[in-house]
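First the structure, in the form of structure tokens, and then the observations on it.
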Amino acid sequence: MRPDLFTSLISGPCSAESLTQVLQTAEGLQGLPLSYFRAGIWKPRTQPGAFEGIGDTGLAWLVEVRKQFGFKICTEVATAEHVKAAVAHQLDMVWIGARSTVNPFTVQEIAEALQGTDIPVMVKNPVNPDLKLWLGAIERLERHQVKIIGAIHRGFSVYQKTKYRNNPHWQIAIDFKQARPDIPLIMDPSHIGGRAALIAPLAQQALDLHYDGLMVETHCSPADALTDAKQQISPAALIELLGNLAPHSKSDQLLAELSELRDKLSLIDDGLMELLQERMELSKQIGLLKRNHNSPILQVQRWEETLKSTIEKALDADLSPEFAEQFIKMLHEESIRIQLGLLSNKSNEA
Ligand code: PEP
Ligand code: MN
């Protein structure tokens, strides 16, 4: 990897599983300008009974990685006890996981435990798409003089199955950068993607969207990993994919800026498509209700009100009323087409 691509690069296994596993993984990462070697010691699992982390024993393994390979070491902390243990082993950094950032009581507990230590901290986004909660967690830590050296974008929980394990909601990351330009923003493609195949395109996107760094889960034998096996890649695979990243040409500033803006535009367009799909799904549900109650499809008064309020909102939003009228008419037409389709199915059934 060109060392100038990202300011920070964090990698290592999702969980520390054995001394051999962490050492072998670290050995594989030796060729990289690693800022920190990571491994989860206490794992927040969705369901009980799964591997919940090796516990304090694993901290000594991380210390061994530091000793043998010279990497700085870090882990996730979620309680005051974790902080105490991490401080006792002189970890070089700790991060706060998505399931902790979401809870102000937990953040408060961690903030109090960290106060007075000089251990730097990174804060993952909360599991729910709430920028204020993310910023609030950071502020809570700062009020206890905790040194925040990075925020980690790891995506947001989803209910439906999607391409990504966690919805990136790119706009939240962009808004984060705007709200806290002083805090480096790092992407965690492993938890966003949830699949090994998505790490490379997401890492490229991190470069295109000017993230300051990456946190990527690597394992010496990904298929055997006790946690997050699908999304872990081997150190060799990480080295290869970082080598294939295409940096923007600095000489062509205009192209870089254009491509950044276009990326943002495409993200918004993707979001629009998802919203349209949701809208048409609702329209179908309304159609079914109308069909079951023999209610007419076109309800003129409701349509006139919708048209009028759309145009008013467009004017408030500095959009052309002609555009808004055309747009809402197209949506309405499509809804009617869908609802008529439901009716014709019914007459076919009869
Ligand atoms: C992790 O990094 O292994 C982890 C548990 O991450 P998150 O808090 O993003 O789920
Ligand atoms: Mn993980």
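The numbers here are math on the coordinates, done by the rules we state, and not lab data. It should be emphasised that the depicted structure is a prediction, and the values quoted were computed from it without experimental measurement. Cβ atoms come from the backbone with ideal geometry, glycine included; neighbour counts cover every protein chain shown.
For the reader, a short list of remarks on this structure follows.
- Helix 321-349 vs. the chain, principal-axis angle (Cα, 0 to 90°, nearest 10): 80
- The angle between the Cα long axis of helix 104-114 and the main principal axis of the chain comes to about 20°, on a 0 to 90 degree scale.
- Note on residue 180 and residue 309: their simple-model spin labels are 3.7 nm apart, each label 7 Å out from Cα toward Cβ.
- In the structure shown, the pairs 264/313; 132/161; 132/290; 264/308; 161/308 are assessed against 32 Å; a Cα-Cα span above that value is assigned to 132/290; 161/308.
- In the chain, the calculated helix contribution to ellipticity at 222 nm averages -16500 deg cm²/dmol per residue, counting -39,500 (n - 2.57) for every DSSP H run with n ≥ 4.
- Projection of the Cα convex hull of the chain, averaged over all directions and equal to a quarter of that hull's surface, yields 23.0 nm².
- Modelled label positions at residue 316 and residue 7, each set 7 Å beyond Cα in the direction of Cβ, lie 3.9 nm from each other.
- Annotation: lysines with alpha-carbon distance below 20 angstrom to residue 43 (same-chain offsets under eight excluded): 84, 124, 230.
- Rounded to 10°, Cα long-axis angle of helix 199-208 versus longest principal axis of the chain: 80
- If you take the Cα centroid of region 286-320 and the Cα centroid of region 82-108, the two points sit 50 Å apart.
- Close amide H partners of residue 232, meaning residues 5 or more places away or on another chain with modelled amide H under 5 Å apart, do not exist here.
- Size of electric dipole in region 252-349: Cβ of Lys, Arg +1 and of Asp, Glu -1, about Cα centre, debye, nearest 20: 860
- With a Förster radius of 35 Å applied to the C-beta separation of residue 299 and residue 265, the computed FRET efficiency comes to 0.50.
- Options 179, 256, 111, ranked by Cα towards positive dipole end of the chain, top entry (Cβ charges): 111
- Residue 139-residue 288 FRET efficiency (beta carbon distance; Förster radius 45 Å; 0.05 resolution): 0.45
- Once the chain from residue 254 to residue 132 is taken as fully extended at 0.36 nm per residue, the excess over their C-alpha distance is 40.7 nm.
- Multiplying the residue separation of residue 30 and residue 326 by 0.36 nm and removing their Cα-Cα distance gives an extension gain of 100.7 nm.
- For the chain, a Gaussian network of Cα nodes joined below 10 Å ranks 217, 281, 81 by mean-square fluctuation, and the top entry is 281.
- Calculated FRET value between residue 273 and residue 112, using beta carbons and R₀ = 41 Å, to 0.05: 0.35
- For region 1-106, the dipole from Cβ point charges (+1 on Lys and Arg, -1 on Asp and Glu) about the Cα centre works out to 140 debye, to the nearest 20.
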